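The values are calculated or read from the model by the stated rules, or taken from the named source; none is laboratory data. Predicted, not measured: the structure shown is a model, and the values here were computed from it. So basically every Cβ, Gly included, is an ideal-geometry build from the backbone, and we count neighbours across all protein chains shown. The area values use the complete protein model at the heavy-atom level, side chains included, leaving out ligands, DNA and RNA. Shrake-Rupley method; radii C 1.70, N 1.55, O 1.52, S 1.80 Å.
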Amino acid sequence: MGERKATVAAEVGLHARPAATFVQTAMTAPMEISVAKLGGGDPVNGKSILQIMALDVRQGETIVIKAEGEGSDEILEQLASIATTP
Amino acid sequence: MNLRGVGVSPGIGHGPAYILTTRVPEPPEGATYTGESDQEKERAVSALAQVAGELESRGDRAGGEAGEILKAQALMAEDPGLIVKIRSCVEQGMAAERAVYESFGKYREVLAGLGGYLGERAADLDDIRDRVIAVLTGQVMPGLPTPGPEPYVLVAHDLAPADTALLSRETVAAFVTEQGGPTSHTAIIARALGVPAVVACAAATTLTAGVRVLVDGTSGEVRAQPTASDVAQAQNVASARQEAIAQVRGPGRTQDGVAVPLLANVGGPGDVEAALAAGAEGIGLYRTEFLYLGRRQPPRPEEQEEAYRAALDAFPGGPVVVRTLDAGADKPLAFLPPPAPEPNPALGERGVRLFRRHPEVMETQLDALATAAAGSSGRLHVMAAMVATAEEARWFAAACRSADLPSAGVMIEVPAAALRAPGLLAEVDFVSIGTNDLAQYCFAADRELGALSELQDRWQPALLDLVAMTVSAARAAGKPCGVCGEAAADPAMACVLVGLGATTLSMSPAVLPATRAALAGHTMEQCRFAAQAAREAPTAAQARAAARAHLPGLAPLGL
C-alpha cells in the first residue's frame, strides 16, 4: 500500500481552506484515501472534510496519507504537497 | 429596552431590526417513514446535494474569503462520512429528516468538543443541517430581507457565513448576535465590511421585529426605540470622533504638556505604513512571528535584519520595541515541533519558555536585531514574552547584553511577573504591560471564549491592581513602563494608564488618533484623579464610570 508522510505547514493547520483543498483533491481519486496523525489514532476518510477537521491537525504536526492502486503515487504526491504548503 | 453585549466592530449603527430566526424545528425523535428504505435514503441524499449546490453557487457569487468559506460548507453538506451515517440511520427505520438531524449532531459534538476555531464551526454545521431539514420537510428557510431604502440592523442567535456572505454596508447598518466571540464569523465579516457589530448580546432575538435599534459597536450597547435625540447624539458622537481625528495632531501629550509617546502595534511590514499614517511616534510592539510562521526552516539572519532595519528606519530617533519570537504550542513552528501535545497551549511552552529549550533560535534573532540596529537611527528596544520570574528576566537580559543590544526588557503579561515587578525590573531596562494576556491569566478566562468576555473587561479591579503594581514598581526603579494591548486602545483607559504612570502607550494604528485626542483633552492631574477613582471602585462598570466622571473632555469628543 502506498503511503506518504507530510508535515502540515499552514498556520491554520489542516482546517478551513487547506482542508477543503485537500478533500477536493482527494475526491478526484478513484481509490480510497486514508489519513491519520503520525504515531496515533485511527485513520479517517481523506474524502470527508468533517473527519479531516475532527482529526484536528495543527501546524507542525505530521500526517500519514495512504492510497492503493493505479495512480496512487500521483494522488499521494498531490495531497502531500497540499499539506506541506504554508 | 437596553441590551449589552461585546462590541467587536466599532461604530454607530441605526435602523429597523430584522430578526433572523434560522432555527428549523427539530424533527421528532422516533420519526419513521413508510415505503422503501432506498427511496428514503435517496430523498436524504438529494436534499444534501441540493443544499450543497446552493452553497456552492452562493460561494461563486460572493467570491473572496466568504466564497471560500461557503465552498468548504458545500463539501460538508456532501460529506461521505455523513452520508454513510444518514443511510445507516434510515436503514434502521429512521425518517430522513431525523436521520439528518442525528448524523449532523454527532459531528457537531466532536467539533464543539475541540473548542476554539473548530468549536465555532459547529454553528456552521447547524446552519447546513437546518437547510437540509427545511428541504426535506418542505419548509422555507428564512432568509434575509430584500434590501429596503434604509439599512437594517441584523439580529440573530448566531450568523452563518451563508447569511452574511452577500451583505454590504448599503444593506446592513449593524450586526447583533446572542452568540459568538471575537473570532466568530460575525466579528470577522463585520470588521471586513466596516459595519458595527455587537456579539454575546443575551436576549437580542427577543427584540421586536421592525423596531428601531441603535447599536454602538465600541461600547457593546444595543438600545431599542431610541429617541430621535439619542440617535442624533450617537451620530454626533460618531462625527465628533471623526473631527477629533482630523484636528488633534502632533506627539502624544496631556493638556498640560506632559509627553506620552503614542506608539503603534505592528504585526508585519505592511503595518508600518499604517503606523506612520496615524502619526505614531514609534513602534511599541513589533511582533516578529510573521518571520517564523509557516516556515520549514528558521528565517535566515539576513532576512530578519532586513525586516528589523525597515522598521527602525521608518522611525528615525523614535523607539522601536521588538518582541522576540512568541510562538508556542498554539502557534507551533514546523521547525520547532513541541515535544508533546500540550493540553492547555496558552499555559504551555510559549515565548521565553520556548527559548530556554532552543536558545540557538533566540541567539540568532538577537544577533540579527543587533546588526539591524547598528546601522540605523531608530532606537531599538528588545523584549521577551511570557516572562514569569526574575530569573527568566535576568537570563534574557544577559543574552541581550552578550548580543550587544542597547536595551533589554520584558513583557508583563503573567500575574506572577506583575506581583514581583520590582524583582524583574532590577534585571532589565524597561517593561511593557500586555493587558490582554494579563487579563486572561489573571482571571483564568480564555481570551477566545465569548462567554467569558466579561472577565476580559479591561476595567476589572483586579487587572487594574496588577497594572498599578507594575507601573509603581517601574517608577520606583526609575525605568520606563509602557502599555501595549487593547486597554491602551480605550481612550478613557488610556488616560487612566497615564494617570497611573505609564510612560508610553502602544495600540493598533486605527485607534491611535482617538487616544491622542483624549489625552490632549485632559491634564495630568485629571488623569491621576481618574486613575485613583477607578482603583477605588468595586466593579468593572463602576471603575469605568468613576474614571469617566473625572475625564470631562471625553464626552464632547464623542469618546
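For the reader, a short list of remarks on this structure follows.
- Scanning region B:445-476 for residues that are of a type in the set (A, V, I, L, M) and in contact with a strand residue (DSSP E or B) (Cβ under 9 Å, 6 or more places away or on another chain) yields a count of 5.
- Selection within region A:24-50 - more than 18 Å from A:Ser72 (Cβ to Cβ) and among the basic types (Lys, Arg): A:Lys37
- The condition of being in contact with a Ser or Thr (Cβ under 8 Å, 6 or more places away or on another chain), at pLDDT 95 or above and outside the structural domain of B:Val467 (by TED's automatic domain parsing) holds for only one of B:Cys527, B:Cys481, that being B:Cys527.
Results for (1) at pLDDT below 90; (2) within 31 Å of the chain's Cα centre (by Cα), shown as yes or no for each residue.
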site: B:Gly7; (1), (2): yes, yes
site: B:Gly15; (1), (2): no, yes
site: B:Leu20; (1), (2): yes, yes
site: B:Gly30; (1), (2): yes, no
site: B:Asp38; (1), (2): no, no
site: B:Val45; (1), (2): no, no
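- Condition met for B:Leu419 (in contact (Cβ under 8 Å) with a residue 40 or more places away in the chain, more than 22 Å from B:Leu293 (Cβ to Cβ) and in the same structural domain as B:Cys481 (by TED's automatic domain parsing)): yes
- Condition broken by B:Val222, with the remaining ones in (1) outside any strand (DSSP E or B); (2) assigned by TED's automatic domain parsing to the domain that holds B:Gln179 satisfied: (1)
- Checking each residue in region A:22-33 for being within 11 Å of the chain's Cα centre (by Cα) and crowded, with 19+ Cβ neighbours inside 10 Å picks out A:Phe22, A:Val23, A:Ala26, A:Ile33.
- Number of positions in region A:34-45 that are more than 10 Å from chain B (Cβ to nearest Cβ) and open to solvent by less than 50 Å² (accessible area, probe 1.4 Å): 3
- Being over 17 Å from B:Ala510 (Cβ atoms), within 20 Å of the chain's Cα centre (by Cα) and away from chain A (no Cβ under 14 Å) holds for only one residue in B:Thr288, B:Thr324, and it is B:Thr288.
- Residue identified as buried (at least 20 other Cβ atoms within 10 Å of the Cβ) and closer than 23 Å to B:Thr186 by Cβ among B:Ala95, B:Ala66, B:Ala134: B:Ala66
- B:Tyr101 being modelled with pLDDT under 80 and aromatic (Phe, Trp, Tyr): no
- One residue stands out in region A:48-68 among those that are open to solvent by 10 Å² or more (accessible area, probe 1.4 Å) and closer than 20 Å to A:Met31 by Cβ: the one that is nearest to the other protein chains (Cβ to nearest Cβ), namely A:Gln51.
- Selection status of A:Glu70, farther than 26 Å from B:Glu120 by Cα and at pLDDT below 90: yes
- Criterion (out of contact with any Lys or Arg (no Cβ under 7 Å at 6 or more places or on another chain), open to solvent by 20 Å² or more (accessible area, probe 1.4 Å) and within 14 Å of chain A (Cβ to nearest Cβ)) met by exactly one of B:Leu48, B:Leu75, B:Leu55: B:Leu75
- Of all the residues in region B:337-360, those that are more than 17 Å from B:Tyr441 (Cβ to Cβ) and in contact with a helix residue (DSSP H, G or I) (Cβ under 7 Å, 6 or more places away or on another chain) number 1.
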